[in-house]
Each structure stands twice: as structure tokens, then as C-alpha cells.
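One structure is given below, encoded as C-alpha cells.
FYI, it's all coordinate maths here, none of it is from the lab. Computed from a predicted model, the values in this text were never measured in an experiment. All Cβ positions, glycine included, derive from the backbone under ideal geometry; neighbour counts span all protein chains shown.
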Amino acid sequence: MKLLLAWVAVLQGLVLPFSASAATLPANQEAKRFEKVLPRTLSQPYLLFLPKGYEATGTKRWPLMIFLHGAGERGTNLAAVAVHGPPKMVTTNPDFPFVLVSPQCPEGATWDVTTLDALLTEILATHAIDPARVCLTGLSMGGYGSWAWALAHPQRFAAVAPICGGGSTIDALLASGARRDHLKRLPVWAFHGGKDNVVPLSESERMIDAFKKLGNTPRLTVYPEAGHDSWSAAYRDPALLAWFLEQKRP
């Protein structure tokens, strides 16, 4: 009878308050909580490129691009980070219009969003950066890192371009409140090779579909004949750089 009355109350639109009291818990279980504060030192090596005309004490605030490399560039040799993507581009293009930060992931690890986010905070505090014009891109493992960071802190980015990566669709679909609003508005342009046999095209497609369900209008460019290396074509396309330059958080 009590169970029936409870269901009637719910059906009538009444809100039944939840309490972790003995009355609402299973008879043979107790409510417990574990809490412990763990100290942690964050460390992140990175390559830094400053564009021509940059002045740390000047009045101009520059757009920032963050590039996350793939699994093959992990380690302690920072030169490896410049093998692909924007850090390779700036070696021959001093007119690159962004401050470029290219962190290096440790050997045997994957991208840690907490560390990356702390690095971004430090860069914004110590450089002449426009915080409304922070762009994020990455390839392969860095594509996964880009999706993950954007999902965790979408309010920090003006635009995100993950290349041949993937991510957690559940983190997108279950987003709520302000984070969901930011994800809905975040400009996203993903790239993938149609013949990628390392990270299947479906990985990018799943993320694009998840963002569409949020009400976002993401773009996906597929290079039909490209394998895993879809980043060479993506970063060669002047439209991508132009798109990044157009983006600014409201």
C-alpha cells in the first residue's frame, strides 16, 4: 500500500525529497563517503612560437593556437613535436599569425586535461594573448586530446579542430548547464581520412553526431583517399587557418 501511495504522489507531480537516512537506505547498507586531498605537481614541457611583431609588453593581444601531437612524438625530445602540424609549419613561416604553444606528452602517457588546462592558464597570465581567441587542434592522439579538453572546458576555446581523433560521446550527451551551452556554441571543424586504418573514420563521425545532438553545427571534412595522415592535407588548407582567425568567443 505504501508503495502504491508513493507512485500516486509521483504521478500527481509531487516532489518527494531524497534523504540518505536509514529510512531510505537498504536495511543492510550504510551511507559512507571517502575523501582525501592528494598533493600533485603539474609539469608540462612545450615549444613556444612568438609571431613576428609580438611584444610581451605591447598593447596588442594575439590569438593563441594550441597544438597537441600524436602518440609517436611523446617523450623528452622536444624537437620531435615539430615533426608534424603547426610547429612544423612555423619553421618555414615566420609570418604565422598566432602565438603557438605545442606541449609534449610524456612517454607511455596520454594527454592529461588537468595539466593542459593549467598550462593554458599560465600562458594567458604571462603572455600578450587575447583570451577570447584561443584555438585548439591536434592530430591522432592529439585529436583525442582535443576532443577531451574541449568537452571538459569548452568555455576556454574560440574554436577546436580535431584531426583523425575521437572521444567520449557520453561526455557530450550528458553535459548540462553552462557547459552544455558552451558546447552548443563551440565552433568545431574535424578532419579524417576515409581510409584511415589506425583511427577509423567512425570515431570522428560519432563525435560530430554527438555535438549535433547538443544543437551544435560542427563540420567534418573527409579526405576519401587519405589514410591515417589526414593532417598534412588539413594543415595545408589555408581555409583552416582563415577559419581559426575568424573565431572569437562572445
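The table below gives the values:
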quantity	calculated
Pairs where the first residue, in region 139-154, is crowded, with 23+ Cβ neighbours inside 10 Å and the second is acidic (Asp, Glu), C-beta under 8 Å, 6+ apart	Ala148/Asp171; Trp149/Asp117; Leu151/Asp171
Unmet criterion (only one of (1) within 23 Å of Glu122 (Cα to Cα); (2) surrounded by 10 or more Cβ atoms within 10 Å (Cβ to Cβ); (3) out of contact with any helix residue (DSSP H, G or I) (no Cβ under 8 Å at 6 or more places or on another chain)) for Leu38	(2)
Residues (within 20 Å of Leu151 (Cα to Cα), buried (at least 16 other Cβ atoms within 10 Å of the Cβ) and of a type in the set (D, E, K, R)) located in region 192-205	Glu203
Boolean, Ala161 is closer than 15 Å to Trp62 by Cα and either surrounded by 24 or more Cβ atoms within 10 Å (Cβ to Cβ) or out of contact with any helix residue (DSSP H, G or I) (no Cβ under 7 Å at 6 or more places or on another chain) (or both)	no
Residue match in region 182-190 (condition: surrounded by fewer than 24 Cβ atoms within 10 Å (Cβ to Cβ) and without any contact (Cβ under 8 Å) to a residue 12 or more places away in the chain)	no
Matching residues in region 48-73 - criterion: being of a type in the set (D, E, K, R) and either within 17 Å of Thr121 (Cβ to Cβ) or surrounded by fewer than 24 Cβ atoms within 10 Å (Cβ to Cβ) (or both)	Lys52, Glu55, Lys60, Arg61
Residue list for region 41-71, restricted to those being touching a residue at least 40 places away in the same chain (Cβ under 8 Å) and either farther than 26 Å from Gln247 by Cβ or hydroxyl-bearing (Ser, Thr, Tyr) (or both)	Leu42, Ser43, Pro45, Tyr46, Tyr54, Thr57, Ala71
